[in-house]
Amino acid sequence: MKATLNPYNPGAGVPPPELAGRDELIEHARVAVVRAKAGRPAKSSIMLGLRGVGKTVLLNHFEAIAEDEGCQTALLEIDPDKPLAHQLAPQLQHILHRLDRMKKAGADVQKAFGSLRSFAAMFKATVGDVDFSFAAPAATGDLAVDLTDLFIAIAEAAKKRDTAIVLLIDEIQYIQKGDLSALIMALHKISQRQLPLLMFGAGLPQLAKLAGDAKSYAERLFDYPPIGPLSDEGARQALASPAEREKVKYAPDALDYVVEQTGRYPFFLQVWGQHCWEAAAKSPITLADAKTASIAATAALDEGIFKVRLARLTERQKAYARAMAEFGPEPVNSSDVANALNLSLSQAAPIRDELIKKGMAYSPERGLIGFTVPKFDDYLRRMPASKPAKRTAKS
Ligand SMILES: Nc1ncnc2c1ncn2[C@@H]1O[C@H](COP(=O)(O)OP(=O)(O)OP(=O)(O)O)[C@@H](O)[C@H]1O
Ligand SMILES: [Mg+2]
C-alpha cells in the first residue's frame with residue numbers, strides 16, 4: 001500500500017495517530033489541572049513505566065490540556081549530567097515572563113523575578129536578562145529552601161492572576177538524588193499552602209523507590225500511576241483506527257496476531273502497524289501480511305534499537321544482561337543472576353548498578369532486576385553471543 005499514506009508513527013515522544021487506551025489517565029490529569037487552576041487542592045503525579053509505553057506522549061498531551069485550560073506550563077526532559085537548578089531556572093523564567101505579560105502585573109511578579117535572580121546566581125544557572133527592581137532575599141545555597149521560596153513566589157503570582165503553574169518533567173529518574181529530595185520538599189510546601197503549582201512527572205519504574213528514599217512523605221505526596229501495555233481493546237484500537245481512516249481493514253486473525261506479537265506495547269504497536277502497511281498489497285491486511293511484517297519489524301528493532309543499546313554496554317555488563325535474559329521477560333532475583341554468572345552478590349552488585357545507571361535495567365523492588373526495554377531479553381537470547389557470556393564474566 002502507498003507508503004505516503006502509512007499512518008503509523010514509531011519514535012520517541014512522537015504523537016501516535018490514535019492515542020488509544022489512555023482516556024482515564026487523561027481525564028485524571030484534566031481534573032487535576034482544572035482543580036489547581038480554580039485554587040482547589042490537586043495532587044501531583046508521576047507516571048511510571050518501561051521504555052516505549054507512551055509516557056512522553058502523555059506528558060505532551062497533559063501540557064496541551066494545561067495550556068488549553070489557561071495554565072502556564074514548562075516541560076523539561078531531565079539531563080542526568082546537569083544539576084536540576086540549571087534545568088529549572090530558564091523554564092521558570094519563561095513562566096514568569098508570561099505571568100508578567102498577563103494583566104495585573106505588579107510587585108509580586110517583581111518579587112518572583114528577584115527570587116529567580118538570586119536563585120540563578122547562587123546555583124550558577126544561566127537565565128536571560130532579568131529585569132527587576134525588587135530587592136529579593138538572598139538565596140541560602142540550600143536547594144530545598146531556595147527552590148521552595150522560588151516556587152512559592154511564582155505560585156503566589158500565578159494565584160493572583162487566576163492561573164496555575166504546571167511543570168511537566170520527563171525522565172525524572174535521572175534527577176540527582178539531592179536535587180530530587182529538594183524538589184519533593186518544595187512541592188510538599190506548595191501543597192501544604194494550597195498554591196496552584198502542579199507537577200506531572202514521568203520516569204522508569206524504580207523512581208517511586210528513589211522518591212521514597214529521598215523523602216518518606218513523597219509516597220503520599222504524589223500519585224504514581226503505572227503506565228504499561230495497552231488493554232486488549234486499546235491495542236486493537238491503536239492498530240485499527242488509523243488504518244480505518246485510510247479505508248484499510250485488518251483481517252480479524254491478522255489483528256489478533258499483531259496484538260499478540262507486540263505484547264500490546266505502544267511503541268511496538270506503531271512499529272508493527274507500519275510494517276503491516278508496508279507488507280500488505282491491499283485491504284484487508286491478512287495474517288500472511290502480518291507474519292511477513294512481524295519478521296521485518298523484529299529485524300528493524302534488532303538493528304535500530306537493540307543492537308545500539310547492547311553496544312553501549314561494557315563486556316561485563318553485556319555478560320550480566322545476557323545472564324538476566326536467560327530468566328525470561330519478567331524481573332528476576334539479582335542473586336539468581338549472580339549465581340548464573342558464578343559471582344558473589346557483592347561482585348555482581350556493582351555491575352547491576354551500572355546497568356541501572358545506564359537506564360538499561362531497573363529494580364522494581366529490593367533484590368529484583370528487570371530490563372527497561374520490553375523484548376530486550378528475547379533479543380539477547382536470540383543473539384549467538386549469548387553462549388560464551390558466562391565465561392566472560394568470570395574472567
Ligand atoms: N496510547 C498510545 N496508543 C498508540 N500509540 C502510542 C500510545 N502512546 C504512545 N504511543 C506510541 O509509542 C511510541 C513511544 O511513545 P513515548 O516515546 O511517549 O514512550 P515513552 O514511555 O516516553 O518511552 P521512553 O521511556 O523510551 O521515553 C511512540 O511512537 C508513540 O507514538
Ligand atoms: Mg519518553
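The values are calculated or read from the model by the stated rules, or taken from the named source; none is laboratory data. All of these numbers come straight from a predicted model, not from anything done at the bench. As a convention, Cβ positions derive from the backbone with ideal geometry for all residues, glycine included, and neighbour counts pool all protein chains shown. SASA here: full protein model, heavy atoms, side chains in, ligands and nucleic acids out. Shrake-Rupley method; radii C 1.70, N 1.55, O 1.52, S 1.80 Å.
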- Message: Give me the helices (runs of 4 or more DSSP H) completely within the range 280-356, filtered to those with at least 1 residues that are in contact with a Leu (Cβ under 7 Å, 6 or more places away or on another chain), ordered by residue number.
- Response: 315-325, 334-340
- Query: Just one of Gly106, Gly49, Gly114 is small (Gly, Ala, Ser), in the same structural domain as Met185 (by TED's automatic domain parsing) and within 15 Å of ligand 2 (Cβ to nearest atom); which is it?
  - Reply: Gly49
- Message: What's the total number of residues in the range 204-239 that are of a type outside the set (Gly, Ala, Ser), farther than 30 Å from Ile285 by Cα and open to solvent by less than 10 Å² (accessible area, probe 1.4 Å)?
- Response: 3
- Task: For Gly212, indicate whether it is out of contact with any Gly (no Cβ under 8 Å at 6 or more places or on another chain), over 25 Å from Glu24 (Cα atoms) and either free of Cβ contacts under 8 Å to residues at least 24 places away in the same chain or within 16 Å of ligand 1 (Cβ to nearest atom) (or both).
- Result: yes
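Per-residue answers, yes or no, for (1) surrounded by 14 or more Cβ atoms within 10 Å (Cβ to Cβ); (2) at pLDDT 95 or above; (3) out of contact with any strand residue (DSSP E or B) (no Cβ under 7 Å at 6 or more places or on another chain):
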{"position": "Leu19", "(1), (2), (3)": "yes, yes, yes"}
{"position": "Arg22", "(1), (2), (3)": "yes, yes, yes"}
{"position": "Leu58", "(1), (2), (3)": "yes, yes, no"}
{"position": "Gln72", "(1), (2), (3)": "yes, yes, no"}
{"position": "Leu76", "(1), (2), (3)": "yes, yes, no"}
{"position": "Ala112", "(1), (2), (3)": "yes, no, yes"}
- Criterion violated by Lys124 - all others in (1) modelled with pLDDT under 90; (2) within 24 Å of Gly70 (Cβ to Cβ); (3) not polar (S, T, N, Q) satisfied: (2)
- What is the number of the single condition among (1) at pLDDT below 95; (2) out of contact with any helix residue (DSSP H, G or I) (no Cβ under 7 Å at 6 or more places or on another chain); (3) of a type outside the set (D, E, K, R); (4) within 26 Å of Leu210 (Cβ to Cβ) that Tyr362 does not meet? (2)
- Task: Scan the range 170-203 for residues that are surrounded by fewer than 22 Cβ atoms within 10 Å (Cβ to Cβ), within 12 Å of ligand 1 (Cβ to nearest atom) and at negative phi and jot them down.
- Result: Asp170, Tyr174
- Take Ser45 and decide whether it is in a strand (DSSP E or B) and either touching an Asp or Glu at 6+ places or on another chain (Cβ under 7 Å) or open to solvent by 20 Å² or more (accessible area, probe 1.4 Å) (or both). yes
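Residues are listed down the side, and each one gets a yes or a no for (1) within 13 Å of Gly114 (Cα to Cα); (2) not charged (D, E, K, R):
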position	(1), (2)
Asp146	yes, no
Ile152	yes, yes
Ala155	no, yes
Lys159	no, no
Ile169	no, yes
Met185	no, yes
- Task: Please verify whether the range 54-69 includes one or more residues that are within 16 Å of ligand 2 (Cβ to nearest atom) and in a loop (DSSP other than H, G, I, E, B).
- Result: yes
- For Pro242, are the conditions met, namely being open to solvent by less than 70 Å² (accessible area, probe 1.4 Å) and either out of contact with any Leu (no Cβ under 9 Å at 6 or more places or on another chain) or more than 30 Å from Thr4 (Cβ to Cβ) (or both)? yes
- Residue set Glu303, Glu330; condition in contact with a strand residue (DSSP E or B) (Cβ under 8 Å, 6 or more places away or on another chain), closer than 30 Å to Glu18 by Cα and exposed (fewer than 15 other Cβ atoms within 10 Å of the Cβ); output residue Glu330
- Task: Pull up the range 78-87, narrow it to residues that are open to solvent by 10 Å² or more (accessible area, probe 1.4 Å) and not charged (D, E, K, R), then point me to the one that is nearest to Leu167 (Cα to Cα).
- Result: Gln87
- Message: Looking for something closer than 20 Å to Gln237 by Cβ and either touching a His at 6+ places or on another chain (Cβ under 6 Å) or away from ligand 1 (no atom under 14 Å from the Cβ) (or both) - is there at least one such residue anywhere in the range 46-58?
- Response: no
